[in-house]
1. If the only charges are +1 at each Lys and Arg Cβ and -1 at each Asp and Glu Cβ, what is the size of the charge dipole of segment 168-263 around the Cα centre, to the nearest 20 debye?
2. Let's see if you can work this out: charge +1 on each Lys and Arg Cβ, -1 on each Asp and Glu Cβ, no other charges. What is the dipole magnitude of segment 221-263 about its Cα centre, in debye to the nearest 20?
3. Quick check: net charge around residue 11, other residues with Cβ under 10 Å of its Cβ, Lys/Arg +1 and Asp/Glu -1?
4. May I ask for the equivalent-ellipsoid semi-axes of segment 352-431, computed as the square root of five times each C-alpha gyration tensor eigenvalue and listed largest first in whole Å?
5. Run down the lysines and flag those whose C-alpha is under 19 Å from the C-alpha of residue 39, throwing out any fewer than 8 positions away in its chain.
6. Ignoring ligands, DNA and RNA, how do 19, 251 rank by accessible area with a 1.4 Å probe, largest first?
7. Scan around residue 429 for amide H atoms under 5 Å from its own, H built in the peptide plane at 1.01 Å from N, and keep only partners 5 or more places away or cross-chain.
8. In debye, nearest 20: dipole of segment 121-191 around its Cα centre with unit charges on the Cβ of K, R (+) and D, E (-)?
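The values are calculated or read from the model by the stated rules, or taken from the named source; none is laboratory data. On a predicted model such as this, the values are computed, not experimentally measured, just so you know. Don't worry about glycine lacking a Cβ; one is built from the backbone with ideal geometry, like all the others, and counts go over all protein chains shown. Just so you know, the surface numbers come from the protein's heavy atoms only, side chains and all, with ligands and any DNA or RNA stripped out. Shrake-Rupley method; radii C 1.70, N 1.55, O 1.52, S 1.80 Å.
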Amino acid sequence: SYEVAADGKLYFFLSEGPKRVFDSYGAEAIDGCNDHIGKVEAATGRTCYNTNIFDCHPYPNTTRRRDDAAVPPPRRDAAAAVLSPRRDDPPSDQSPGSRGAPGHPDKLTRCGDPGAGPVLNGVDVVDAFNAAVEGYKRAPAIGSSNYAVTTAEGFQFYFSTAENRDAYAANASAYPIGGGGYCGLAVSGFDPPCVAENYDACRAPACVTDAGSYEVAADGKLYFFLSEGPKRVFDSYGAEAIDGCNDHIGKVEAATGRTCYNTNIFDCHPYPNTTRRRDDAAVPPPRRDAAAAVLSPRRDDPPSDQSPGSRGAPGHPDKLTRCGDPGAGPVLNGVDVVDAFNAAVEGYKRAPAIGSSNYAVTTAEGFQFYFSTAENRDAYAANASAYPIGGGGYCGLAVSGFDPPCVAENYDACRAPACVTDAGSYEVAAD
């Protein structure tokens, strides 16, 4: 949950997921952090440090998904976990993309019923493959019952033209659907809400009306997702995610004796773009295959005497208009920032050490930094500028302006918790 980024600064995050998303935006995310922190420091007349907002969110690994996965997935710079709410099955006659009722993750033990509605809410799968070839510049067309194909099992596929209908009827195997048409990330076994329930895989909504929420993956199958964020996460796991989908769909089909198709679970979540963050960003960020939006709940300020990583009270995204108070507690809840830089050099194999008041440095503004050894304390005291902190020590993704809950509130940037006790939630970035 930390890293030394490309700007040479130490960044912390709510979990490894937001860190991976932050990395996927590269210089844009770093620039966003520096811009937003600069503005709040100018407004408050004080250095921006996180002294009181700390939390950690779990990040999935393959040991929770398949018995043959003995180690967590490789850390990819531009992957992310999408903490997305799930929906119970909405009515089968809903319009494409409409929302169902809120619910918990739904374990993948069954698939859609042929009588619930057309497969993928009427998406023309032939047109979807054509749109993929064209570069995903548009959402696939929605077909109609005027151009329908009914399978031997009673599933109906709708098409937008007679030509597409006839193409499918002539060779349906040329247009395979991955993950049963549910959100591919949930079916793969890498979606945190599903992991949190200790499920192998989940049925989760697919968005069928957005150009960024579908793809033809490396196995040649057409996959749909809740939004572009989960798609990017799915891509970051590569063959592992595809194998997970094929494995889990195969098991449910064997158990039910019927092909697995999504006929009734559809929803769309917004995905952020830079037009919501900076006036000079006239176009959305480039689509990177392995980037993702992390839909993470925010926390209000917890008590200043909390232990590292403990949780604050639930709250809405907190607009970045102020930073931590020197009297609230040590910067970064006592993280030894010198040790964090050292751990980054070692390859992020461990969380940074937590220091103590026995080895403290107090800045001219009254902020206290704790260290785990006298050597680290002295190194910081001699050259504090060698150990800069990015994003004020808050979750770097939220400060950058690319975190969906913050975007949803139309904030430029948010204060969000940092996880200071996990090896995957920090980094030294490109700055």
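1. I would put it at about 280 debye.
2. Its charge dipole is roughly 160 debye.
3. -3
4. So the three semi-axes of segment 352-431 are 28, 13, 12 Å.
5. Output for residue 39: 9, 319.
6. 251, 19
7. Long-range HN contacts for residue 429: 4, 5, 6, 7, 8, 9, 11.
8. It comes to approximately 100 debye.
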